[in-house]
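What follows is a short report on a single structure.
The values are calculated or read from the model by the stated rules, or taken from the named source; none is laboratory data. Model, not experiment: these values are computed from the prediction. As a convention, Cβ positions derive from the backbone with ideal geometry for all residues, glycine included, and neighbour counts pool all protein chains shown.
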Amino acid sequence: MAGNKDKVLVCSSCGFKNQLPLASGHCVSCGATVEEPVPASVHGPTGMARDKTFDLIWFAIAIGVMVVLTGAIVIGLPAVIPALDFEGSAGMVVAIPVWFVGGLLVGLISPGRTFAEPVLAVLLVAVPTAFVLYGGQTVRTMPAFMYALFSALGLLFALIGAYVGERLQMAGE
């Protein structure tokens, strides 16, 4: 029978194969906290751990965060300060970091792993934002397909923000 020396524990963060026993409980490659495999009793019918599923509560929270941030900064701020004119392309350029920060916030405060929730929330917010900015452009004009590309870039940055938020959350444990 093989001892603990032959057992390998794969890091869920980076995929590195750590040899057991781990002295510090952290991955040798990336430093993330690595725990023993989850017992079969917490796996659902699909065999995946419960924390890997899509969470509707955090999806709703992510939508709220994205709507408030986008509405306040991209739409509301120019209404209060007329010198800030985020029409057309300027609005999309401002929206991308806003969606990154939204993904970062959701990733930072949510328990478990939430990558899909902020990205889908940005998808639901980016479409109306693109339509509002496209319809309101007067001077800084941009073709419609560029709004789709900027929205896709916003999705990517929301995913990166969620990943960074999750990494920061794991570092604080």
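Considering each residue of region 144-159 in turn, at least one proves to be closer than 17 Å to V98 by Cβ, surrounded by 15 or more Cβ atoms within 10 Å (Cβ to Cβ) and without any contact (Cβ under 8 Å) to a residue 12 or more places away in the chain.
To keep it simple, each residue is scored yes or no on (1) within 16 Å of V74 (Cα to Cα); (2) in contact with a helix residue (DSSP H, G or I) (Cβ under 9 Å, 6 or more places away or on another chain); (3) crowded, with 18+ Cβ neighbours inside 10 Å; (4) among the basic types (K, R).
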| site | (1), (2), (3), (4) |
| --- | --- |
| L84 | yes, yes, no, no |
| G88 | yes, yes, yes, no |
| M92 | yes, yes, yes, no |
| I96 | yes, yes, yes, no |
| T114 | no, yes, yes, no |
| E117 | no, yes, yes, no |
| V125 | yes, yes, yes, no |
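Scanning region 71-95 for residues that are touching a residue at least 24 places away in the same chain (Cβ under 8 Å) and under 15 Å from Y147 (Cα atoms) returns V74, F86, E87, G88, S89, A90, G91, M92, V93, A95.
Based on what the data block shows, is G64 surrounded by 14 or more Cβ atoms within 10 Å (Cβ to Cβ) and not assigned by TED's automatic domain parsing to the domain that holds S12? No. Before we move on, is T53 modelled with pLDDT of 70 or more, in contact with a helix residue (DSSP H, G or I) (Cβ under 9 Å, 6 or more places away or on another chain) and among the polar types (S, T, N, Q)? For T53, the condition - modelled with pLDDT of 70 or more, in contact with a helix residue (DSSP H, G or I) (Cβ under 9 Å, 6 or more places away or on another chain) and among the polar types (S, T, N, Q) - is not met.
Would you please name the residue that is surrounded by the fewest Cβ atoms within 10 Å (Cβ to Cβ), looking only at residues in region 49-61 that are hydrophobic (A, V, I, L, M, F, W, C) and in contact (Cβ under 8 Å) with a residue 12 or more places away in the chain? Before you say what the answer is, go through the steps one by one.
Here is the first cut: in region 49-61, the ones hydrophobic (A, V, I, L, M, F, W, C) are 49, 54, 56-61.
Then drop every residue that is not in contact (Cβ under 8 Å) with a residue 12 or more places away in the chain, which leaves 54, 58-59, 61.
Numbers: F54: 11, W58: 21, F59: 18, I61: 19.
The extreme case among them is F54.
Cβ-Cβ contacts under 8 Å between residues 6 or more apart (or on different chains), taken from a first residue in region 4-17 that is outside the structural domain of Y163 (by TED's automatic domain parsing) and at pLDDT 75 or above to a second residue that is among the β-branched types (V, I, T) and outside any loop (DSSP other than H, G, I, E, B), are listed as F16/V10; K17/V8; K17/V10. The numbered conditions (1) among the β-branched types (V, I, T); (2) modelled with pLDDT under 90; (3) surrounded by 13 or more Cβ atoms within 10 Å (Cβ to Cβ) are all true for I73 except (2).
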